[in-house]
1. If you wrap a convex hull around the Cα atoms of the range 162-321, how much volume per residue is inside, in Å³?
2. Among the listed pairs LYS152/LYS375; LYS152/LYS254; LYS24/LYS51; LYS42/LYS395; LYS254/LYS329, which are separated by more than 20 Å between their Cα atoms?
3. What Kirkwood hydrodynamic radius, in Å, does the range 277-341 give when the mean of 1/r is taken over all pairs of distinct Cα atoms and then inverted?
4. Normalise the Debye intensity by I(0) for the chain, one equal point scatterer per Cα, no solvent, then take log10 at q = 0.08, 0.14, 0.15 Å⁻¹ and round to two decimals.
5. Given labels modelled 7 Å from the Cα in the Cβ direction, how far is it in nm from ILE372 to LYS131?
6. Which values of log₁₀ I(q)/I(0), to two decimal places, follow from the Debye formula for the range 15-61 at q = 0.26, 0.32 Å⁻¹ with a uniform point scatterer at every Cα?
7. For the pair LYS70 and ASP111, how long in nm is the line joining their label points, each one 7 Å along Cα→Cβ?
8. How large is the charge dipole for the range 4-137, taken about the Cα centre, if only the Cβ atoms of Lys, Arg (+1) and Asp, Glu (-1) carry charge, to the nearest 20 debye?
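Where a number appears in this text, it was derived from the coordinates with a stated rule and is not lab data. Remember, it's a predicted structure, so these values are computed and weren't measured experimentally. All Cβ positions, glycine included, derive from the backbone under ideal geometry; neighbour counts span all protein chains shown.
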Amino acid sequence: MKGKKVLQLGLGMQGKATLYDIIKSDSVSEVIVADSSPDLSKYITKIGSEKVKAVNLDATDTSAIMDLMKKVDIVIELLPNTFAYPMGQMAAEVGVNLVSSSYFSNINEQDKRKRQQREKDLEKLHQEARKKDISILCEFGMDPGIDLVLSKQVINELDEVQVFYSYGAGFPDKEAGNNPIHYKFTWSVAGVLGSYLRSARVISEGKSIDIKADEMFAPENTHVLKLDEIGFPLECFANGDSVHYADLLGIKEKVFNMGRYICRWTGHGAFWYVMAKSGLIDNKPVEVEGIKISPNQFVANILASQKQFYYGENERDVALIRIDGRGLKNGKPTRIIYQIIDKRNLETGFTSMQRTVGFTASIGAQMILDGILKKKGLLSPMDAPFDYSLKELQKRGMDIRRMEFDWKGEMEP
């Protein structure tokens, strides 16, 4: 449908890619971009699209944001992740569709009661969205996002899933890992460090195994993945609740081994294991000469201040999404892998992380606007139609491969 209006909240790294993509849609007649950056108007003018309007405001100005929400058909939320759930609540209150690349669940919360309360609140949000006949699609980026779209497809193709491994990672290409930590940032530095102190759960031999937040990088929780397409070995670390996703994917009762992982250059884990064990990426503030600051923010600011931790003009990052499912298909032991490897587009300048997160958020908004995704309520990437999602990602130049083998019974990643 033509003539649709979009409100994009946030014009950070991923937001720039989303805006680049959404304004190409024939269905969209206007995009209102709201951000607090003093350079907002200058950036919008540089784009040179009559579709785009800039509104300079702060994300804490809920009244102004809700007024903007009332004027559009869909909201694309790309703010820091602490704003994601509140924006979803506001969209439900207003009665407008919304897409977010972030979690609405409080995945870093260690208090079980608070996590349970959030789950109850999310159910209320789901019912409110259904009542208002709107779609609120969260976690629709790279990881979470594309990985879950592919995960659902692998499970649909197998009659029984016994082993399931999922990888979502971003790291420097061979020539770009030229600093002491062999890593460069393509999104919030504090956000990356926050993900480095997150408890996880894997399923091993049919049992749930808890991994404490500061044990994420422990050697016993690490394995190495070697892919010819990458050209160098990757260290992989559990980063997410596999039991939760086994339940969502409908394989909890039969899956024997399962894990969700991020990947980095080898040696990365040893460094961050020491940092985590030393309390240097904790969120809890400490007092330094009368001033309170969290170690996470302090370390993040140090790294963010140095050019060496960001990509140069001709340096490329790599995004990897790999879904590896093993089980039975037509009675035969079968292994199915879906894999995406994407690299920075040096022509547009967009990093692979911008492409896989920002473009995906745009695709999510377009599938709702165009009536491709008709389901109402609080939705996840697993509700997105696979064929449409795959086609749209391929149109944007992403290398998506499907591999099927006879499964020889290997249980390890």
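1. On the way: hull volume 19.8 nm³, N = 160.
Value for the range 162-321: 124 Å³ per residue.
2. Values: LYS152/LYS375 16 Å; LYS152/LYS254 16 Å; LYS24/LYS51 10 Å; LYS42/LYS395 29 Å; LYS254/LYS329 15 Å.
Listed pairs above 20 Å: LYS42/LYS395.
3. On the way: mean 1/r = 0.0604 Å⁻¹.
In the range 277-341 this quantity evaluates to 16.5 Å.
4. One equal scatterer on each Cα of the chain leads to -0.43, -1.42, -1.62.
5. Going by the 7 Å Cα→Cβ label model, 3.1 nm.
6. Here log10 of I(q) over I(0) equals -1.01, -1.31.
7. A separation of 3.4 nm, rounded to one decimal place.
8. Working: 20 positive and 19 negative charges, 42 e Å.
I would put it at about 200 debye.
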